[in-house]
Amino acid sequence: MKIIIKGNIVNPISRLKTEYFANQALVIENGKIIEICNLQDCEKKYYAFEILNFTDKYILPGFIDLHLHIPQVNQRARYGENLMDWLKKYILKAENDFEKLEKAEKSIKTCFNALIANGTTTAVMYNSYHKQATDLAFKIAEKSGLKVFIGKVMMDYFVSGEQFETTENSLRDSYDLYKKWHGKDNGRINYIFSPRFAPACSLELLTEIGRLAKKEGIYIQSHLSENREEIEQVLSKFFGFETYTDVYYKTGCLTDKSIMGHCIHLNDYEFNLLKETNCKIAHCPSSNFFLKSGVFDLSAAERKGIILGLGSDVGAGPSFSMFDVMKSMNYSQPFHILPQKSFYYATLGNAQALGIENTTGNFAAGKDADFIVIDIKKYYPEFEFSNIEDLLAYLIYLGHQGFVYAVYVRGQKIELLN
Ligand code: GUN
Ligand code: FE
């Protein structure tokens, strides 16, 4: 497969820099980027290549969503509660329903189609605690063409007294799914161990996950310090731990392949633990607004040099659009955020958080050709800009699902599932 993609190419390089190539071409062979080339040269140099013409449109790396929940796709906009009551009132019931595979299948497809429609080409996802429904999510992911990290949520204990699964089942089912799916299709399909959060896990469960992390280098995702009530529950439930972060740290769940969602109310000591272990943070600003969880201390995390990225946290975050998440990131902070920076976090930065920056996240030669075609003129025919910062600001503040004209992963067009 040899293709030349003509258009205006937008390439994130760092938190400070995004490159812009007006009216040039992305050259792709066997699903990988060969180079960004100017039009005159490339038609001569690559004469046998098929040409796809997106003149007047913008070619961006596909977005990466570092944190979302598949079974919550139809539980968005459940308004009026903070985290713990929201979970009890809406979320746990909806996740229970994934026991019924027909229902699960519909929701999984709805979720993946929303990702595709919004230009997200890599997504890190919690499923429900069911093994079968999670196996199904992997099968659908395999078919979809998306890059995914999926885990069945692990929750062997809930403060309300409910037990959704035993510790043994939780570990065994997760391990089976990990063995079956992790690394499939050349690393497109990945398993991520997903203990829900400390209030829903026994110490034994977390300790076993930590042990496995040491032995097999598994990916782990969880939630950390999102809400004050949650923190109080952790400190009263786990005896002998001084902070919430200590619970994950001492059980071995903080590693360079762990991603902790939120991390809003951390103190300096806890930030240091994340830095020391090279654990990553999934910052989910729209969710934090929605559940009134608080404001993430972005400056502190950046000052410490902690690697972080952006997640929608659907369903607490109402929108799958990473445009919307980038916008919320800026709105939630007391200072202005450079558009290049939010864009970096939603693309290359998230790839770095996942340790897949060698294959994913921008258009460096040799990487997978994961890109989206953006049409601004359809909505804003008079749109003009004078530099890359203005273009990115336009996308961040005015961008939405309707801008996404086409989606490609590894050079293949991704179509909606039916
Ligand atoms: N903490 C534990 N579970 C969840 C969840 O499903 N969503 C959010 N936002 N926080 C959580
Ligand atoms: Fe979440």
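The values are calculated or read from the model by the stated rules, or taken from the named source; none is laboratory data. No experiment lies behind these values; they were computed from the predicted model shown. Neighbour counts run over all protein chains shown; Cβ positions are idealised from the backbone, glycine included.
Please name all residue pairs, on different chains or six or more residues apart, with Cβ atoms under 7 Å, provided the first residue is in the stretch 313-324 and is under 17 Å from T347 (Cα atoms) and the second residue is at pLDDT 95 or above and within 8 Å of ligand 2 (Cβ to nearest atom).
These pairs meet every condition: D313/H67; D313/L68; D313/G261; D313/C284; D313/S287.
Looking at (1) in contact with an Asp or Glu (Cβ under 8 Å, 6 or more places away or on another chain); (2) under 27 Å from L298 (Cβ atoms); (3) away from ligand 1 (no atom under 16 Å from the Cβ), which is the one condition that is false for G261?
Condition (3) is where G261 drops out.
Here are the criteria: (1) polar (S, T, N, Q); (2) closer than 30 Å to F289 by Cβ; (3) in contact (Cβ under 8 Å) with a residue 40 or more places away in the chain. Tell me which single one T243 does not satisfy.
Exception for T243: condition (3).
Could you tell me whether the stretch 18-38 includes any residue that is of a type outside the set (D, E, K, R), over 26 Å from E232 (Cα atoms), over 19 Å from the mean Cα position of the chain (by Cα) and modelled with pLDDT under 95?
Quick first cut of the stretch 18-38, residues of a type outside the set (D, E, K, R) only: 18, 20-28, 30-31, 33-34, 36-38.
Right, trim to over 26 Å from E232 (Cα atoms) and you get 18, 20-28, 30-31, 33-34, 36-38.
Going one step further and asking which of them are over 19 Å from the mean Cα position of the chain (by Cα), we end up with 18, 20-28, 30-31, 33-34, 36-38.
Narrowing the set further to residues that are modelled with pLDDT under 95 leaves 38.
Checked against the condition, which is being of a type outside the set (D, E, K, R), over 26 Å from E232 (Cα atoms), over 19 Å from the mean Cα position of the chain (by Cα) and modelled with pLDDT under 95, the stretch 18-38 yields at least one hit.
Sort out which residues of the stretch 39-65 are more than 25 Å from the chain's Cα centre (by Cα) and β-branched (V, I, T), and write them in order of number.
I51, T55
Output the residues belonging to the stretch 266-295 that are within 13 Å of ligand 1 (Cβ to nearest atom) and on the phi < 0 side of the Ramachandran plot. Can you show your working first?
Here is the first cut: in the stretch 266-295, the residues within 13 Å of ligand 1 (Cβ to nearest atom) are 282-294.
Those that are within 13 Å of ligand 1 (Cβ to nearest atom) and on the phi < 0 side of the Ramachandran plot: A282, H283, C284, P285, S286, S287, N288, F289, F290, L291, S293.
Taking the residues in the stretch 319-341 that are touching a Gly at 6+ places or on another chain (Cβ under 9 Å) and polar (S, T, N, Q) as candidates, determine which candidate is farthest from I374 (Cα to Cα). Break it down stepwise before answering.
Step one: of the stretch 319-341, the residues touching a Gly at 6+ places or on another chain (Cβ under 9 Å) are 321-328, 341.
After this cut, where a residue has to be polar (S, T, N, Q) as well, the list is 321, 328.
On the way: S321: 13, S328: 20 Å.
Restricting to residues being touching a Gly at 6+ places or on another chain (Cβ under 9 Å) and polar (S, T, N, Q), the top hit is S328.
Out of the stretch 212-240, which residues are more than 12 Å from ligand 1 (Cβ to nearest atom) and crowded, with 24+ Cβ neighbours inside 10 Å? If you could, list the steps in order and put the result at the bottom.
At the first step, the residues of the stretch 212-240 found to be more than 12 Å from ligand 1 (Cβ to nearest atom) are 212-220, 228, 232, 235-240.
Result: I220, single match.
Would you kindly identify the helices (runs of 4 or more DSSP H) lying entirely within the stretch 1-120 that contain at least 1 residues that are out of contact with any strand residue (DSSP E or B) (no Cβ under 6 Å at 6 or more places or on another chain) and closer than 30 Å to I220 by Cβ? Give the steps one after another, and end with the answer.
Working: elements: 39-45, 83-86, 92-96, 101-117.
In the stretch 1-120, 83-86, 92-96, 101-117 are the helices (runs of 4 or more DSSP H) which contain 1 or more residues that are out of contact with any strand residue (DSSP E or B) (no Cβ under 6 Å at 6 or more places or on another chain) and closer than 30 Å to I220 by Cβ.
Residue by residue through the stretch 241-258, note down the ones that are outside any loop (DSSP other than H, G, I, E, B) and within 16 Å of ligand 1 (Cβ to nearest atom). Outline the logic, then answer.
First, pick out the residues of the stretch 241-258 that are outside any loop (DSSP other than H, G, I, E, B): 244-250, 258.
Within the stretch 241-258, Y244, T245, V247, Y248, S258 qualify.
Condition check: in contact with a strand residue (DSSP E or B) (Cβ under 9 Å, 6 or more places away or on another chain) and either assigned to a loop (DSSP other than H, G, I, E, B) or away from ligand 2 (no atom under 14 Å from the Cβ) (or both). Does G309 satisfy that?
Details: in contact with a strand residue (DSSP E or B) (Cβ under 9 Å, 6 or more places away or on another chain): yes; either assigned to a loop (DSSP other than H, G, I, E, B) or away from ligand 2 (no atom under 14 Å from the Cβ) (or both): no.
Answer is no for this residue.
Does the stretch 280-294 contain at least one residue that is under 26 Å from Y58 (Cβ atoms), outside any helix (DSSP H, G or I), in contact (Cβ under 8 Å) with a residue 12 or more places away in the chain and out of contact with any His (no Cβ under 6 Å at 6 or more places or on another chain)?
Checked the stretch 280-294: at least one residue is under 26 Å from Y58 (Cβ atoms), outside any helix (DSSP H, G or I), in contact (Cβ under 8 Å) with a residue 12 or more places away in the chain and out of contact with any His (no Cβ under 6 Å at 6 or more places or on another chain).
Starting from the stretch 193-220, keep only residues that are assigned to a strand (DSSP E or B), then list their pairs with residues that are acidic (D, E) and within 16 Å of ligand 2 (Cβ to nearest atom) whose Cβ atoms are within a distance under 8 Å, requiring at least 6 positions of separation or different chains.
Going by the 8 Å Cβ cut-off, the qualifying pairs are F197/E226; F197/E230.
With respect to E50, is the statement that it is of a type outside the set (A, V, I, L, M), within 15 Å of F363 (Cβ to Cβ) and either more than 16 Å from ligand 1 (Cβ to nearest atom) or touching a helix residue (DSSP H, G or I) at 6+ places or on another chain (Cβ under 7 Å) (or both) true? Let's see the steps before the verdict.
Values: of a type outside the set (A, V, I, L, M): yes; within 15 Å of F363 (Cβ to Cβ): no; either more than 16 Å from ligand 1 (Cβ to nearest atom) or touching a helix residue (DSSP H, G or I) at 6+ places or on another chain (Cβ under 7 Å) (or both): yes.
Judged against the criteria, E50 is not a match.
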